[in-house]
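Written below as structure tokens is the structure these notes are about.
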Amino acid sequence: MTYLDFRSDFLSRPCARMAKTMIEAALSPAGFGLREDPWQQRLEARAAELLGQEDALLLPTCTMANLVATLAWTRPGDTVLGDATNHLAISEAGGYAAVAGVEYRGLSGAFGVSPIGDWQAASAPPADAQRAAVRLFVLETSHNRGGGNAIGGDHVDAVAEVARTAGAALHLDGSRLFNAAVALGETPAGIAGGASSVAVSLNKGLGAPSGAVLAGPRGFIEDALRIRQRLGGGMRPVSLIASAGLAALDDWPRLGADHETAARLREGCRGLPGLAPVDPPVPTNIVLLRLAPRFGGPEAFCRNLSRDGVLAIPFGADLVRFVTYRDITPSAVDRALQTLARLATTHERQHDE
């Protein structure tokens, strides 16, 4: 059976041009120092330019990039402020607490957006020494748990201003920031330029095999370099990873095609019994489906889907997540919709009986 794998966009395979670039890099001399490799230098310079930051650094994963940023901007005992469903808060194994020694204070909101007034109230200076100061704000765009909602530069800038007033930095978890830029019609720098630092995955929507970049001021990146080494993230040689990332950064405008296939899936699910697509304000390449109780929960639903060759992941008490990427074609979406329709109809009939 040929599976259609919607579990994550990090499953995207390198395109032909990326593979050719990687072969060229594999045959070129590798650098010895931590930032000596010429492919790494080109990648970091290009990432900094695109993101509107002074400098950038290659890391193995965006999770490590977020942790490095947290360590660079805070000290043990500080407070990090962000929405309650942020990836850093719930999907990174508590690294902020276990490694950085900080607490995370979650704000309520919708689709990853918390009201500016809530940021202001939560970051007010402590009345006495018994309360820890807020030293770091965190935003995520596009927002994974928010159904891929793209959060734009206006909101980032507004939160950044609150952070500056509070004496804090703003880190932008932009794992899928380029998806957000395409969906909003903004430049990556227009979204990220106002943040103190920004992390981007190279291996999700962008389609490289692995890697992430962390961008920010030069002094911050110098600190990040030492912290990266301390955490074991100083990869060498890096020509293959850096060259693939560089090719991915050159190809980011194509992400709109993935948004179109996601919209095809989302719209095709409307009207299917027991399935309710979640509609973020600015959708990207993530589709969340809310399930009726009769399906027996997300785990059972995904097991039944997999028997017909469609792979998705449980994403909460009553949600299932699908993610589109380069290898998910419109015909693949249509096949998945046929499977979803059969499953939905079967469960509706059994429920009625």
inquiry  = Any residue in region 312-323 that is over 15 Å from L340 (Cβ atoms) and among the aromatic types (F, W, Y) sitting within a Cβ distance under 8 Å of a residue that is open to solvent by 20 Å² or more (accessible area, probe 1.4 Å) and part of a loop (DSSP other than H, G, I, E, B)? List the pairs, counting only those 6 or more apart or interchain.
reply    = F315/R145
query = Name the helices (runs of 4 or more DSSP H) wholly within region 5-106 that hold at least 1 residues that are within 30 Å of A336 (Cα to Cα) and out of contact with any Gly (no Cβ under 7 Å at 6 or more places or on another chain)?
reply = 16-26, 62-73, 87-90
ask   = Listed residues R176, R164, R218; which is charged (D, E, K, R) and touching a Ser or Thr at 6+ places or on another chain (Cβ under 8 Å)?
value = R176
message = Let me confirm something: among L249, L240, which residue is assigned to a helix (DSSP H, G or I), in contact (Cβ under 8 Å) with a residue 60 or more places away in the chain, open to solvent by 10 Å² or more (accessible area, probe 1.4 Å) and of a type in the set (A, V, I, L, M, F, W, C)?
response = L240
message = Between F301, F315, which is modelled with pLDDT of 95 or more and open to solvent by less than 10 Å² (accessible area, probe 1.4 Å)?
response = F301
task = Would you mention how many residues in region 271-292 are in a strand (DSSP E or B), open to solvent by less than 40 Å² (accessible area, probe 1.4 Å) and either small (G, A, S) or free of Cβ contacts under 8 Å to residues at least 60 places away in the same chain (or both)?
result = 3
message = Quick test of your reading of the structure: V198 fulfils all but one of (1) touching a Lys or Arg at 6+ places or on another chain (Cβ under 8 Å); (2) within 26 Å of S8 (Cβ to Cβ). Name the failing condition by number.
response = (1)
key: region 226-237: number of residues that are open to solvent by 40 Å² or more (accessible area, probe 1.4 Å), part of a helix (DSSP H, G or I) and of a type in the set (K, R)   = 2
All positions within region 16-33 that are within 24 Å of A65 (Cβ to Cβ) and open to solvent by less than 50 Å² (accessible area, probe 1.4 Å) = M18, T21, M22, A25, G31, G33
note = Per the filter on region 293-327, residues part of a loop (DSSP other than H, G, I, E, B), among the hydrophobic types (A, V, I, L, M, F, W, C) and under 20 Å from S12 (Cβ atoms) are A312, F315
key: Residue selected from region 62-84 under the condition open to solvent by 50 Å² or more (accessible area, probe 1.4 Å) and farther than 16 Å from L172 by Cβ, by the criterion nearest to the chain's Cα centre (by Cα)   = A84
request  = For region 87-101, state whether one or more residues are open to solvent by 30 Å² or more (accessible area, probe 1.4 Å), in contact with a Phe, Trp or Tyr (Cβ under 8 Å, 6 or more places away or on another chain) and either charged (D, E, K, R) or modelled with pLDDT of 95 or more (or both).
outcome  = yes
ask   = Does at least one position in region 246-263 carry a residue that is in contact with a strand residue (DSSP E or B) (Cβ under 8 Å, 6 or more places away or on another chain) and farther than 30 Å from S28 by Cα?
value = yes
ask   = Just one of the numbered conditions (1) modelled with pLDDT of 95 or more; (2) of a type outside the set (A, V, I, L, M); (3) surrounded by 13 or more Cβ atoms within 10 Å (Cβ to Cβ) is not true of S331; which one?
value = (3)
key: G268 vs. criteria more than 19 Å from M1 (Cα to Cα) and in contact (Cβ under 8 Å) with a residue 24 or more places away in the chain   = yes
key: Filter pass, D308 being modelled with pLDDT under 95, open to solvent by 30 Å² or more (accessible area, probe 1.4 Å) and under 30 Å from P29 (Cβ atoms)   = no
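The values are calculated or read from the model by the stated rules, or taken from the named source; none is laboratory data. Computed from a predicted model, the values in this text were never measured in an experiment. With ideal geometry, Cβ positions are generated from the backbone for all residues, glycine too; neighbour counts draw on all protein chains shown. SASA here: full protein model, heavy atoms, side chains in, ligands and nucleic acids out. Shrake-Rupley method; radii C 1.70, N 1.55, O 1.52, S 1.80 Å.
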